[in-house]
Amino acid sequence: MKVRTRVAPSPTGDPHVGTAYVALINYCFAKHHGGDFLLRIEDTDQARSTRESERAILDSLHWLGLSWDEGPDVGGPHGPYRQSERSAIYKRYVQQLLDQGDAFKCFCTPERLEEMRVAQRAAGLPPRYDGLCLSYSPEEIARREAAGEAYVVRMKVPDHGACIVEDERRGKIEFEWKTVDMQVLMKSDGLPTYHLANVVDDHLMEITHVMRGEEWISSAPKHVLLYQYFGWQMPKLIHLPLLRNPDKSKLSKRKNPTGILFYQAMGYLPEALLNFLGLLSNSLPEGQDEMMLLPDMVQRFSLEHIPLGGPVFDVAKLDWLNGRYIRERLDPDQFMQRVAAWGFAPDRLKRIASLSQTRVERLSDLGLLLSFFFAGRLPVAAEQLRAGKMSDLEVRQALALAMWDLDALRAWNVAGIEMVLKRVSELLGKKFRDVARPFYVAITGSPTSVPLFDAMDLLGRDMVRERLRTALDALGAPSKKEQDEWKKLLAATDKEDEAS
RNA sequence: GGCGCCAUCGUCUAUCGGUUAGGACAGCCGCCUUUCACGUGGCAAAGACGGGUUCGAUUCCCGUUGGCGCUACCA
């Protein structure tokens, strides 16, 4: 049987290096065995999924040099490859489960479920649906449905016995059924949850090996059970370790840059980044050169060499590798072209130039004025950040508030950025002009520069987050207590927004 | 709290019962060099702990500890 793997990102934010890591492993495994690698978009979360995010994810993976045999952009015989376009399919299978008696409608309110879980936790029990709606008669269910009560569909899960999950890398993993929750398969909006969609799609798309992050191990029993209910052959499961921050916690943008776009903006070469991820995804035999292109990685790939412990994303090693690519794999012409493509693409240059035109008297003023567009993290002078009309506390608050709000921003553009910063100044009860100053310093390195919102837009969300973080750290990162207090400020106005 | 995964230098890792526990990044010290960088030579650095199994455990088993994940009508 032909090996078929997939990567199934959820388009709910900026492209993440973890997605690239999982994609690379799936790609290498499939290609090593002469198989197919597909890309599927898991956009069943209507509230958070966006087309912009999807576009950015595909672009980023392509930028890294990854390609797929089937996917939303290239099509294929098992489409559509976007789950939001497969609703009819899931409905059919949910109905099958309902008809077979393997799933049931649940009318419980979120409040009741919440109470139930609180009680279970207090009693030291595993959180698990208590089966109230399972006791309803068909008439009762029909009555509620007719009355227009919202419901979800849950899968039935046995009360006794255990489930053995077979992981190709870790061996057998045992779960007692009583610790497995009766997962929601279909939400009240009629869309499936990950659990159902993923099983149905993997089967229909003839996926042979599911290689996904280890955060899925605990829900694997549900998937095993669904395959049983449907009578389908289970694909092989391989759970991949999660990339870590230097402090060993799961890699998160709160602590570290996680965006592929950040590494792009920092001037890492795609082949170096991919090579680096390859080093973390498959340990190579002793003495082998660690510099390798995608075809080498495919050729050398083996399941047994996928690490189990979560590797720290060690930027220092990435730096070394990237340096090697720059000086060993590029001749002067190629280097020049890379530099041009990185920071001097015509439309980027055009925008940058237009921002500066009224602010220079000689062209030679440009270098210092615009250098921050061609830099990574800026060395921030704490005195500069403090020099305005705001107190230290206010500056720190402003930076922290902006970071949080900027992360929550749907689309990264001038209007959104302006909205966030204006809101921060209102929250603090300060003139925008005074609030703006530390941002100029943090983002452009100087209190006077080209228009801030455009600069931030051009720099990108990841780079902005890093510079704000650098600035905030220079003044003292907020304590846990301060964070909680400051977040209340945001929450309070969020409620007002909803009310109005 | 419950359930699960993981555990070799600071970091990424090799070792598939017997090794002076190897390599790479970072660090430190030299060499090269008009500075720096590159390159190059070297140094330092690890089997979490406690029990077993075995002639012999880093390696196999159990426990402890620690890290991590999941615990949603998110994925």
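Since every read-out is calculated from the coordinates, none of them should be taken as a lab result. Computed from a predicted structure; not experimentally measured. Because the Cβ atoms are built from the backbone with ideal geometry, glycine has one as well, and the counts that use them run over all protein chains shown.
General remarks:
- A:Trp177 paired with A:Trp232, simple spin-label distance in nm, labels 7 Å along Cα-to-beta-carbon: 2.1
- Projecting the Cα atoms of A:Leu458, A:Ser479, A:Pro447 onto the dipole axis of segment A:374-499, where Lys and Arg carry +1 and Asp and Glu carry -1 at the beta carbon, places A:Pro447 farthest toward the positive end.
- Zero-based 20 Å bins, Cα pair distances in chain A, whole percents: 19, 48, 30, 3, 0
- Proximal charge balance of A:Gln334 [Cβ under 13 Å; K/R count +1, D/E count -1]: -1
- Cα centre as origin, Lys/Arg/Asp/Glu Cβ charges: chain A dipole, Debye: 820
- Fewest-first ordering of A:His305, A:His16 by other beta carbons within 10 Å of each residue's beta carbon gives A:His305, A:His16.
- The simple Förster model, with R0 at 45 Å and r as the Cβ-Cβ distance, assigns A:Gln337 and A:Ser479 a FRET efficiency of 0.45.
- Selection from A:Thr5, A:Ser371, A:Ser137 lying farthest towards where the dipole of chain A points positive, charges on Cβ: A:Ser371
- Percent antiparallel among DSSP beta bridges (both partners in chain A, rounded to 5): 55
- Cβ charges +1 (Lys, Arg) and -1 (Asp, Glu), total dipole of segment A:374-499, debye: 260
- Sequence-distant lysines (8 or more away, or on other chains) whose Cα lies within less than 16 Å of A:Lys178: A:Lys156, A:Lys222
- Net charge over other residues, Cβ less than 13 angstrom from the Cβ of A:Trp412 (K, R count +1; D, E count -1): -4
- On Cα atoms only, tilt of A:220-230 relative to the major axis of chain A in degrees: 50
- As a rough guide to protection, the peptides A:101-111, A:332-342 ranked by mean Cβ packing within 10 Å, highest first, stand as A:101-111, A:332-342.
- Projecting the Cα atoms of A:Val165, A:Gly323, A:Gly309 onto the charge dipole of chain A, computed from C-beta unit charges around the Cα centre, puts A:Gly323 farthest toward the positive end.
- Relative contact order %, chain A, counting alpha carbon pairs below 8 Å whose residues are six or more apart: 13
- Calculated [222 nm] ellipticity per residue, helices only, for chain A: -15500 deg cm²/dmol; basis is -39500 (n - 2.57) per DSSP H run with n ≥ 4, divided by all residues, nearest 500.
- Pairwise FRET efficiency - A:Gln95 versus A:Asp167, Cβ, R0 = 35 Å, nearest 0.05: 0.65
- For A:Thr44, the shell of other residues with beta-carbons less than 12 Å away shows a net charge of -1, using +1 for Lys and Arg and -1 for Asp and Glu.
- Footprinting exposure proxy ranking of A:Asp484, A:Asp45, fewest other C-beta atoms within 10 angstrom first, gives A:Asp484, A:Asp45.
- Relative to the longest principal axis of the Cα atoms of chain A, the long axis of helix A:414-428 makes an angle of roughly 90 degrees.
- Per residue, the average separation of C-alpha pairs within less than 8 Å and at least 6 apart gives segment A:86-240 a relative contact order of 24 percent.
- In degrees, nearest ten, helix A:392-408 long axis to first principal axis of chain A (Cα): 50
- No disulfide-compatible partner, judged by a Cβ distance under 4.7 Å, exists for the following cysteines of chain A: A:Cys28, A:Cys108, A:Cys163.
- Excluding same-chain neighbours fewer than eight residues apart, the lysines reachable from A:Lys487 by a Cα-Cα span under 24 Å are A:Lys250, A:Lys253, A:Lys255, A:Lys389, A:Lys422, A:Lys430, A:Lys431, A:Lys495.
- Relative contact order, percent, segment A:374-499 [alpha-carbon distance under 8 Å, six or more residues apart]: 36
- Bridging of A:Lys2 to lysines at a Cα separation below 17 Å is possible for A:Lys31, A:Lys236, once same-chain residues fewer than 8 apart are set aside.
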